[in-house]
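Notes for the one structure printed next.
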Amino acid sequence: MKSSHDKNLTVNISYPMNKHIFSSLSKKFMMALAGLFLLLFLPVHLIINLMLLKSVPEPFNRAAHFMATFPVIKIIEIVLFIAILIHIFWGIFLQIQNWLARPVGYAGGNKSETSFFSRFTIWTGSTILIFLVLHFINFYFIRLGLVPGHPENFYLTAHNLFKIPAYNYIYLVCFVLLGLHLFHAFSSAFRTLGLNHRIWTPVVNVVAWIYAILIPAGFAFISLTLWLFR
Amino acid sequence: MKLTLKIWRQKNAKVKGTFVTYKMDDVAPEMSFLEMLDALNKKLVEEDKDPVAFDHDCREGICGSCGMYINGHPHGPVPAVTTCHLSMRYFKEGETIWIEPWRAKPFPVIKDLIVDRSAFDKIQIAGGFISINAGAAPEANSILAQKKKSDEAFDSSICIGCGACVAACKNASAMLFISAKISQFALLPQGRVEAKERVRAMVEKMDELGFGSCSNTGACEAECPKQIKLTNIARLNREYYKAY
């Protein structure tokens, strides 16, 4: 017969599954997976947006119409929304938990050498969230009929918006912050997913840097071109 | 050396603490940081004042007892040393040194610079071991282990559990500590037997105790006196998902 002393010396096997699913590691896993999915979406969005630079509205409007109506895209859109919600919800949830984990801060500051932008992901992320709301008001809500506009001519809507200097300022600031968010987040997601490799991890880090510069730069280029040269 | 010390003084976990300033006039550069505090305490005792409470044991950098947050760094600004091995020669003449306890909800202050780190023990008790029959040492070559992996397991096992990773992390996360403890077993055949149960139990305990989560900032790796690598955290994540 086992004594209570023996019991303490074996690893607890009866482990409830719900604790596993909602552990901090599982939440980070969901966040990372959702974040990586969002990373796939941005280049597609950028390619379509580049059509805004053409002098005729048809190519862009056709692409926008295709994205809004093609059934497969519709399904991906739902997944995309779920990914956005998961990423935001767990992001804020974990951040609050993290703040609570250190009720008293350091008077001497925290001078440890860190991945610099990782300290601000909650703030860069929050700004991107505010931008997302603005973006939905400008485009997605028009499509849903919630706000007035031309759902069939987003080319014109976009061109009109980029004529407003204030909109461009907000747009550019948000994309700089998106770049800073991605600088850390892209490679961080891989470690969170448990992926680490002698050769491939450095490659991922370089790709992350290139991605974090090129994608926001692409969006900013469109904004600046339409604002200053059209 | 003349130094100004700003030391966190707190009677116990229940009362509020504050920084108290002490002037030191005769610090020798060859002193260790703890010897410098010993000199301060000698002075305080002679003046009939309460000496500064701090944890220490081996003073050889291997026990993990001494841990304090010095000028914005756990174990001070010099990489890969514990506080007991931190030499006063790294400080400048006339410098002001801020000395604080580890700050984390699961590490409550006991007194002054001493924090209760039994949270780490609780995590270890949850699964940081292998269940084997004690007895005579078995034949060393009966279970084969790859040299590369056993070296990696050894590199992880040198974690002394001082808590510098938690102190350095902006989230007060214990992931580097747990990842080291997980890795030292996960890399060896003896540890694989209970690998799934171990990682689940240790992560559950970590969450329960109120440690933060990992943002992959790397502060823990930068401050670890035993230079435990971030790759351990990737392995911990991997082991955890495998345990589903």
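All of the numbers you see were taken from the coordinates with simple rules; none came from a lab. Predicted model, so just to flag it, every value in this text is computed and none were measured. Every residue, glycine among them, receives a Cβ derived from its backbone with ideal geometry; neighbour counts consider all protein chains shown.
How are the Cα pair distances of the stretch B:3-110 distributed, in percent, across 5 Å bins from 0? The distribution over the stretch B:3-110 is 2, 12, 22, 27, 21, 12, 4, 0, given as percents.
Using the rule -39500 (n - 2.57) for each DSSP H run of four or more residues, divided by the residues of chain A, the 222 nm mean residue ellipticity is -23500 deg cm²/dmol. Compute the FRET efficiency between A:HIS150 and A:VAL173 as 1/(1 + (r/R0)^6), taking r as their Cβ-Cβ distance and R0 = 25 Å, and round to the nearest 0.05. Result of the calculation: an efficiency of 0.40. Enter the angle in degrees (range 0 to 90, nearest 10) between the Cα long axis of helix B:175-186 and the first principal axis of the Cα atoms of chain B, meaning the one along which they spread out most. Between the helix axis and the principal axis of chain B, the angle is about 40 degrees.
Across chain A the C-alpha pair distances fall into 5 Å bins from zero in the proportions 1, 5, 10, 15, 16, 14, 12, 9, 6, 4, 3, 2, 1, 1, 1, 0, 0, 0 percent. The stretch B:182-244 and the stretch B:153-172 have their alpha-carbon centroids 11 Å apart. Against chain B, whose longest principal axis comes from its Cα atoms, helix B:33-46 is set at around 40 degrees. Per-residue Karplus couplings for the stretch A:162-176, computed as 6.51 cos²θ - 1.76 cosθ + 1.60 with θ equal to phi - 60°, are listed in order as 6, 7, 8, x, 4, 4, 5, 4, 4, 4, 5, 4, 5, 6, 4 Hz, Gly and Pro entered as x.
Among the trypsin sites (Lys or Arg not before Pro) within the stretch A:18-72, those in coil by DSSP and having at most 13 neighbouring Cβ atoms inside 10 Å are A:LYS54.
Set the Förster distance to 56 Å, then compute FRET efficiency between A:ASN205 and B:GLU93 from the Cβ-Cβ distance, nearest 0.05. Spell out each step's value before the answer.
Numbers: r = 41 Å, r/R0 = 0.74.
After rounding, the FRET efficiency stands at 0.85.
Take the Cα of B:ASP116, step 7 Å toward its Cβ, do the same at B:LYS149, and the gap between the two points is 4.0 nm. Per-residue ellipticity at 222 nm, computed for chain B from helices alone with -39500 (n - 2.57) per DSSP H run of at least four residues, works out to -10500 deg cm²/dmol. Stokes-Einstein diffusion for the stretch A:178-219, with the hydrodynamic radius set to the Kirkwood value over Cα pairs and evaluated at 37 °C in a medium of 0.692 mPa s, equals 315 µm²/s. Here the label points at A:ASN160 and A:PHE81, each 7 Å from Cα along the C-beta direction, are separated by 2.5 nm in the simple model. Only bridges with both residues in the stretch B:3-110 count here: give the DSSP antiparallel percent, nearest 5. Here the share of antiparallel DSSP bridges comes out near 75 percent. For the stretch B:46-77, applying the loop criterion from DSSP together with a ceiling of 14 other beta carbons within 10 Å to the GluC sites (Glu not before Pro) yields B:GLU47, B:GLU60. Applying both filters, DSSP loop and at most 15 other Cβ atoms within 10 Å, to the trypsin sites (Lys or Arg not before Pro) of the stretch A:96-159 gives A:LYS111. Three principal axis extents describe the C-alpha atoms of the protein assembly as shown; from largest down they are 85, 62, 41 Å.
What does DSSP give for chain B in terms of the percent of beta bridges that are antiparallel, rounded to the nearest 5?
On the way: 14 of 19 bridges.
Rounded to the nearest five, the antiparallel share is 75 percent.
Ordering A:ILE76, B:PHE54, B:ALA167 by the projection of their Cα atoms onto the charge dipole of the protein assembly as shown, which places +1 on the Cβ of Lys and Arg and -1 on the Cβ of Asp and Glu, puts A:ILE76 at the extreme positive end.
Could you give the length gained on full extension between A:VAL133 and A:LYS111, defined as 0.36 nm per residue of separation minus the Cα-Cα distance, in nm? It would help to have the intermediate numbers written out before the result.
Working: separation 22, 0.36 × 22 = 7.92 nm, distance 3.50 nm.
So the chain would gain 4.4 nm between A:VAL133 and A:LYS111.
Just to verify a number: FRET efficiency for A:LEU42 and A:LEU100, C-beta to C-beta distance, R0 = 25 Å, to 0.05? Please report the intermediate quantities before stating the final value.
Numbers: r = 32 Å, r/R0 = 1.29.
For A:LEU42 and A:LEU100, the calculated efficiency is 0.20.
Spin-label model, B:THR4 to A:ILE21: label points 7 Å out along the Cα-to-beta-carbon direction sit 5.7 nm apart.
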